[in-house]
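Novice: Sharing a structure here in structure tokens format.
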DNA sequence: GCGATTTTGTGCGTTTTTTAACGATACTTA
DNA sequence: TAAGTATCGTTAAAAAACGCACAAAATCGC
Ligand SMILES: NC(=O)c1ccc[n+]([C@@H]2O[C@H](COP(=O)([O-])OP(=O)(O)OC[C@H]3O[C@@H](n4cnc5c(N)ncnc54)[C@H](O)[C@@H]3O)[C@@H](O)[C@H]2O)c1
Ligand SMILES: NC(=O)c1ccc[n+]([C@@H]2O[C@H](COP(=O)([O-])OP(=O)(O)OC[C@H]3O[C@@H](n4cnc5c(N)ncnc54)[C@H](O)[C@@H]3O)[C@@H](O)[C@H]2O)c1
């Protein structure tokens, strides 16, 4: 499927990466609708990025399209999935079995996408021992050992912000490859560990800014980011 | 406090706005520690943005600092809070009282910050009638009327993606000023309604990208975004 | 099978964003 | 109070991101 042309994908800008999941979402919809092929122009009017940007984004990874034809929906979907690393399974633990930790554990879609929550961890003895969506809540004393023994790939931090750095340190020590952080704090992790923050409050405050008189109104079609 | 110099804040770039909540978080910490003043250089080594960028960002809104001194922590915190629109109260409803809707309703910090959840809405009769964190779960039949009657400012969408656009339409019709969307879909809203998306899956997939071999490693101190 | 048409991949100019440099200004201390 | 120092606000330069335009290549219709 992919051409033999070798691209250096080691320094793709963050802006490009952030758009990939969005491409994938639209391609998934198109697949579901039974659409076989799509041109950058058609994609553009769906997604809201310029056709030029779409072509340029995709070309960072390889020539997935064909002149005069466009892109094969199924093929492109698979390529992007592979680029994102979604063609494998990720073992995860959630640390902090409170509101958010439980909500994530109950969310079944990730499992289907290859993200498997193996265990939850908490310090609260009233939570330890529970089963949430068939996943055990374990005592966080055993976190490091569990992560090591079960070769956990990703740690999800859903504790209060005061404990987050400590948890992150433990997770990194135990060998996770990435951390998905929901605590409202910026964590320090070693270079070889990936970090993705979900700062919900920051997002809400951004919304407040847009709503309050200070901000310019969205002039366009409701796309952003 | 603020100088009389008039700035045109109607076309501040999104990149700047996204950094404001982060400035505010660090200033809050400094306040808590009893720090009175801070220079752009000191802030830089805390936050990880260049001192130059910090000064330029802040200058978009006014000259909050003083030469030879720096910035007054308390004053700057208040200025940024005001810019973000956090010096008022927002009335909110959550549509979709599932995992995520309940997690948000249970989260008490937003209340303190002026974001008050007035009601949850759901179609599921088994959820309607419940009280979550002292907030009623109402039948979503009455959504439009409730939003109109109670002058709700913001709608939070926590339903499945298939219903999200319909809910958004109702919320907009009923007069909300902004929508915080957690459904994995890009919504269309009128120009005068602000929209902020939290695409959790996109964030997770970005993490997968960074973890998978494709990505370049984070060369620095663990800061990003 | 061939010409008209479509559409990509890509070089290049433009815009946006970030970083650097520095004069102006206010603080600090002796 | 005045010299010296710290630090901002701002302008200029550099870098990054984006969009335009077009040649090359493949498709599609006849
Ligand atoms: N719930 C939300 O809507 C929301 C919104 C914005 C931000 N957040 C952030 O997400 C994080 C979690 O939020 P939440 O609402 O689930 O909080 P929560 O209080 O419901 O849950 C936190 C859980 O972490 C556990 N915990 C604390 N220290 C721990 C440790 N050292 N090891 C293991 N477990 C530990 C607690 O026992 C608790 O069960 C917080 O940092 C919060 O600021 C949540
Ligand atoms: N929970 C997570 O961890 C998670 C992660 C990523 C994305 N999301 C997204 O967030 C959204 C909510 O997730 P969730 O886990 O809370 O799902 P959920 O299924 O637990 O809750 C959805 C709720 O919405 C209600 N609902 C459906 N249609 C409605 C309508 N028309 N009006 C009012 N209520 C309606 C349902 O009855 C249900 O209670 C989904 O779009 C999901 O894709 C959730």
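Novice: Two decimals is fine: what's Rg over Rh for chain A, C-alpha atoms, Kirkwood radius as Rh?
Specialist: Rg/Rh: 1.02.
Novice: Using r as the Cβ-Cβ distance of residue B:149 and residue A:51, and R0 as 35 Å, what FRET efficiency do you calculate, to the nearest 0.05?
Specialist: 0.20
Novice: Looking at the protein assembly as shown, send over the antiparallel percent of its DSSP beta bridges, to the nearest 5.
Specialist: Close to 20 percent.
Novice: Report, as an integer, the average count of C-beta atoms from other chains found within 10 Å of each Cβ along B:183-194.
Specialist: Average per residue, whole number: 4.
Novice: Based on the Kirkwood radius over alpha-carbon pairs, what is the Stokes-Einstein translational diffusion coefficient of the protein assembly as shown at 20 °C with 1.002 mPa s viscosity, in µm²/s?
Specialist: 91
Novice: Could I ask something else about it? Would you please classify the overall shape of region B:90-203 from the alpha carbon gyration tensor, given that a ≥ b ≥ c denote the square roots of the eigenvalues, rounded means a/c under 1.5, and beyond that prolate means a/b larger than b/c while oblate covers the rest?
Specialist: rounded
Novice: Per DSSP helix of 4 or more residues, -39500 (n - 2.57); summed, then divided by the residues of the protein assembly as shown. What does that give at 222 nm, rounded to the nearest 500?
Specialist: So the helix-based figure for the protein assembly as shown works out to -12500 deg cm²/dmol.
Novice: Among rounded, prolate and oblate, which fits region A:104-147 when a ≥ b ≥ c are the square roots of the eigenvalues of its C-alpha gyration tensor, a/c under 1.5 means rounded, and a/b larger than b/c means prolate?
Specialist: oblate
Novice: Please find the FRET efficiency linking residue B:28 to residue A:67, where r is the Cβ-Cβ separation and R0 is fixed at 56 Å, and quote it to the nearest 0.05.
Specialist: 0.55
Novice: Given springs between every Cα pair under 10 Å in a Gaussian network model of chain B, which of B:73, B:35, B:137 has the largest fluctuation?
Specialist: B:35
Novice: Quick check on chain A: of the DSSP beta bridges with both residues there, what percent are antiparallel, nearest 5%?
Specialist: Of the beta bridges lying entirely in chain A, close to 20 percent run antiparallel.
Novice: Compute the label zone of residue A:201 within region A:126-162: residues whose backbone N is under 12 Å from the point 7 Å along Cα-to-Cβ.
Specialist: Taking a point 7 Å out along Cα→Cβ of residue A:201, the residues of region A:126-162 whose backbone N falls under 12 Å are A:160-162.
Novice: Just check region B:13-84 against the gyration tensor rule for me: Cα atoms, a ≥ b ≥ c as the square roots of the eigenvalues, rounded for a/c under 1.5, and otherwise prolate or oblate depending on whether a/b exceeds b/c.
Specialist: Since a/c stays below 1.5, the shape of region B:13-84 is classed as rounded.
Novice: Nearest 5 is fine: what % of DSSP beta bridges in region A:90-203 come out antiparallel, could you say?
Specialist: Of all bridge pairs located within region A:90-203, approximately 10 percent are antiparallel.
Taken together, the values in this text are just the output of simple stated rules run on the coordinates, not laboratory data. The shown structure was predicted, so the numbers you read here are calculated from the model rather than taken from an experiment. Quick reminder, even Gly has a Cβ in these numbers, built from the backbone with ideal geometry, and neighbours come from all protein chains shown.
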